[in-house]
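Have a look at the structure below, then the notes.
The values are calculated or read from the model by the stated rules, or taken from the named source; none is laboratory data. Note that the structure is predicted; figures quoted are calculated from it, not measured. Cβ coordinates were reconstructed from backbone atoms using ideal geometry, including for glycine residues, and neighbour counts include every protein chain displayed. Heavy atoms of the whole protein, side chains included, go into the accessibility calculation; ligands, DNA and RNA do not. Shrake-Rupley method; radii C 1.70, N 1.55, O 1.52, S 1.80 Å.
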Amino acid sequence: MFSITIKLMKKSARMLIPAGIAILIGTAFIAATFLFSNSMDDSLRRQRTAQLGEANYIATMKTNSNGAVSENGSADRTTVADFNLDRIRATKGVKGARVDTSVSVSISAAGKRSNGYAVGTSTDRKLLPVRIVSGDQPVDNNEVALPKSVAKQLGVGVGDKVDVAPISNGSALSGTAVRDVRVVGLTSDPFGVYSFYGGASVLSENVVAAVYGVDDFDHMQAYMLLLDIDEADAAAAQRTVDEVSGLLPKSYGVESRRSVEAEAVRDLSSNNTSFPTIFLLSFGVLALFVAALVIANTFQVLVAQRRRTLALLRTIGAKKGQLYTSVLMEAGLLGLIASVLGVGFGVGLIALVTNTGVMEMMGMQARLILSWQAFVVPIAFGLIMTVLASLGSARSATSVTPLEALRPIELTDTSRAGKVRATIGVLTIIAGLALAGVAVWQLSGMLNGLDTMAGDNYSSVLLMSIGGAALVFLGLVLTATFWLPVLMRLLCPWGLSHTLMDRAVSSAVGEGIAVSVSLAPEEGADDPEHPSILPEISGGETAAGAALYLWGAGFAAVAVWQGTGYFCLCRRLRADGHRPEPELAGLYVRASAGARRPPELLQSAAIPVPLVVGLLRPRILLPERELSPEQWEGVLTHELVHWRRHDLWIKWLAVLARAV
């Protein structure tokens with residue numbers, strides 16, 4: 001039976017292509033969503049942990065289950081000397097160790113000045129949070145590696161000398177500056193850890209101590225120790241970790257980088273970064289559900305076309321179960337092939353996006369991260385949906401009798417199936433309208449100052465409205481057999497509607513017949529006495545396909561228009577933006593105190609009001625206006641609230657909902 005099924009598939013390959021394309025699109029969407037989520041999570045995780053350099057273990061203050069500092073722990077009293085650096089570096093298995101120290105600095109040369117951020121140096125480049133792209137990292141006293149942008153601003157290069165001084169509230173302090181510090185290298189900040197400051201300088205230990213205001217580097221306050229431990233032998237690495245833990249201050253403990261990254265992923269999930277993934281997956285699932293309609297219609301036509309062939313198979317001894325299995329086998333092969341091609345297309349699409357620098361233009365260092373979910377889930381889902389969609393057709397194949405091989409095929413009346421389809425479609429539309437209505441009611445109440453569910457669960461209410469719109473669309477597709485032909489007649493009373501639909505649609509809509517059958521000669525035979533079954537596609541299938549393509553074209557056009565406009569706006573604003581004055585920068589530092597990696601602050605003459613831009617790399621843009629410090633502080637606090645609440649993500653979800 002398998003060989004017969006393959007031959008039937010080859011003969012009907014052209015009819016199977018549309019169903020295969022529908023499956024391919026749905027599975028490609030799901031695979032691409034998983035891969036995009038992997039790339040985004042990887043990029044955000046690397047950005048969140050980039051300050052650790054390439055350290056594989058980190059010593060930090062111990063915290064309890066609630067995230068609070070453990071009892072008797074106080075980072076304010078911990079200094080570099082408390083970490084016993086010399087003994088830790090001498091421990092077997094420790095390849096490198098660096099205490100994380102940092103300070104705000106003002107670097108000047110030839111009358112030019114740049115305020116920024118600086119970190120302490122390390123003998124091991126791998127433990128630095130920035131990359132040395134030219135020259136070397138500071139090793140001796142009075143050395144500095146500058147960010148490329150700062151070096152360009154000051155007009156200096158490797159071998160030149162600069163002055164380094166501390167800053168407080170945007171103005172330089174006198175008396176603790178270090179003169180004639182030699183530039184030994186240039187740095188880059190590939191993951192944007194210090195993007196707010198335009199990158200980070202790397203200072204010698206004596207310069208860091210002098211700028212910080214202590215006599216010796218060992219007296220500086222320190223909060224974290226970065227370790228590079230040999231992991232060739234897991235047991236030996238654990239012994240090294242235990243030995244290092246015994247040399248740390250009492251309130252400190254060692255954890256692996258993997259656990260730190262896992263905690264960062266949990267933080268990202270709690271901040272709703274997984275919400276876009278769920279949202280995009282819902283569209284992939286919806287696409288496969290719509291594909292199921294195309295698959296069901298295709299196999300209904302195929303079974304009707306092969307009715308005489310199936311009857312002949314019954315005549316020579318084929319059982320009902322074999323015919324049932326043959327249809328399901330054909331659907332399974334179609335689903336498997338189309339799903340595999342869809343996954344390949346999705347992988348290729350994300351690989352193209354990550355390797356062509358498109359994501360870098362959006363401020364995200366992305367790379368292709370493969371996972372088993374990106375392969376197994378879409379293939380399994382596409383295969384299952386295809387088989388389920390063909391169950392009705394397989395059941396119809398079992399109703400064929402051997403006598404049908406000897407007589408003409410009668411029209412199959414499926415008025416009952418049409419009623420069921422119409423009922424399901426109407427109920428789906430009602431459910432979608434109800435969900436959308438509740439969402440609109442909740443949102444309108446929130447806008448009018450009432451205490452509604454949207455106040456605390458805005459994302460859930462927005463998802464409710466999107467789900468309602470999707471259900472309405474699905475219901476319209478299911479019922480398109482009944483309303484779309486009538487609509488086309490009203491809009492096109494001549495020409496297109498009559499020439500394309502009249503003969504097939506009139507019987508389908510008026511008499512409830514889903515497939516009309518005509519008798520025609522077999523392919524390659526001119527004898528009219530040997531007819532074969534050549535079905536005409538009903539108006540319902542044409543209507544559903546037209547509705548699907550119209551919606552898809554409209555959604556794609558609106559989404560591309562909105563996305564392109566926003567991308568161009570962000571590029572223009574980034575090009576016009578510049579760093580704020582030191583006084584305003586100091587206000588922003590105070591307003592964002594306690595925030596982990598706050599957005600970069602820029603000013604631009606191209607905008608009339610403050611705003612937050614950038615989904616993956618947010619920036620706060622301020623207009624060039626004369627305001628008092630109190631007014632600027634209020635503006636900054638307001639924009640930081642938008643950033644903390646992820647309002648930009650919610651706004652884009654609303655844009656996508658409108659596109660739907």
For this session: Determine whether region 297-317 contains at least one residue that is closer than 30 Å to Glu600 by Cβ, of a type outside the set (A, V, I, L, M) and either surrounded by 16 or more Cβ atoms within 10 Å (Cβ to Cβ) or in contact with a strand residue (DSSP E or B) (Cβ under 6 Å, 6 or more places away or on another chain) (or both).
Result: no
Exercise. For Ser3, which of the numbered conditions (1) at pLDDT 85 or above; (2) of a type in the set (S, T, N, Q); (3) surrounded by fewer than 17 Cβ atoms within 10 Å (Cβ to Cβ) fails to hold?
Worked result: (1)
Exercise. Any residue at all in region 24-36 that is free of Cβ contacts under 8 Å to residues at least 12 places away in the same chain and either open to solvent by 40 Å² or more (accessible area, probe 1.4 Å) or out of contact with any Phe, Trp or Tyr (no Cβ under 6 Å at 6 or more places or on another chain) (or both)?
Worked result: no
For this session: May I ask you to verify whether Leu474 is within 16 Å of Asn297 (Cα to Cα), assigned to a helix (DSSP H, G or I) and modelled with pLDDT of 70 or more?
Result: yes
For this session: Within region 92-105, identify whether any single residue is among the β-branched types (Val, Ile, Thr), over 15 Å from Phe217 (Cβ atoms) and under 39 Å from the mean Cα position of the chain (by Cα), and answer yes or no.
Result: yes
Exercise. Restricting to region 125-156, what's the tally of residues that are touching a strand residue (DSSP E or B) at 6+ places or on another chain (Cβ under 6 Å), part of a loop (DSSP other than H, G, I, E, B) and open to solvent by 30 Å² or more (accessible area, probe 1.4 Å)?
Worked result: 2
For this session: Give me a count of the residues in region 224-264 that are open to solvent by 30 Å² or more (accessible area, probe 1.4 Å), of a type outside the set (S, T, N, Q) and in contact with a strand residue (DSSP E or B) (Cβ under 7 Å, 6 or more places away or on another chain).
Result: 4
Exercise. Out of region 302-319, which residues are within 17 Å of Phe2 (Cβ to Cβ) and charged (D, E, K, R)?
Worked result: Arg306, Lys319
Problem set entry | Per-region count, region 89-124, residues part of a helix (DSSP H, G or I) and surrounded by 21 or more Cβ atoms within 10 Å (Cβ to Cβ) | 0
For this session: Filter region 408-451 down to residues that are at pLDDT 70 or above, of a type in the set (Gly, Ala, Ser) and closer than 19 Å to Asn297 by Cβ, then give me how many there are.
Result: 2
Exercise. Out of all the residues in region 60-74, is one or more modelled with pLDDT of 70 or more and in a loop (DSSP other than H, G, I, E, B)?
Worked result: yes
For this session: All but one of (1) open to solvent by less than 60 Å² (accessible area, probe 1.4 Å); (2) modelled with pLDDT of 80 or more; (3) not β-branched (Val, Ile, Thr) hold for Asp42, so report the exception by its number.
Result: (2)
Seminar exercise, completed: Matching residues in region 204-223 (within 38 Å of the chain's Cα centre (by Cα), hydrophobic (A, V, I, L, M, F, W, C) and surrounded by fewer than 19 Cβ atoms within 10 Å (Cβ to Cβ)) number 0
For this session: Considering only region 217-238, state which residues are assigned to a helix (DSSP H, G or I) and in contact with a helix residue (DSSP H, G or I) (Cβ under 6 Å, 6 or more places away or on another chain).
Result: Phe217, Asp218
Exercise. Which condition number does Ser168 fail, the rest of (1) modelled with pLDDT under 85; (2) more than 40 Å from the chain's Cα centre (by Cα); (3) at negative phi being met?
Worked result: (2)
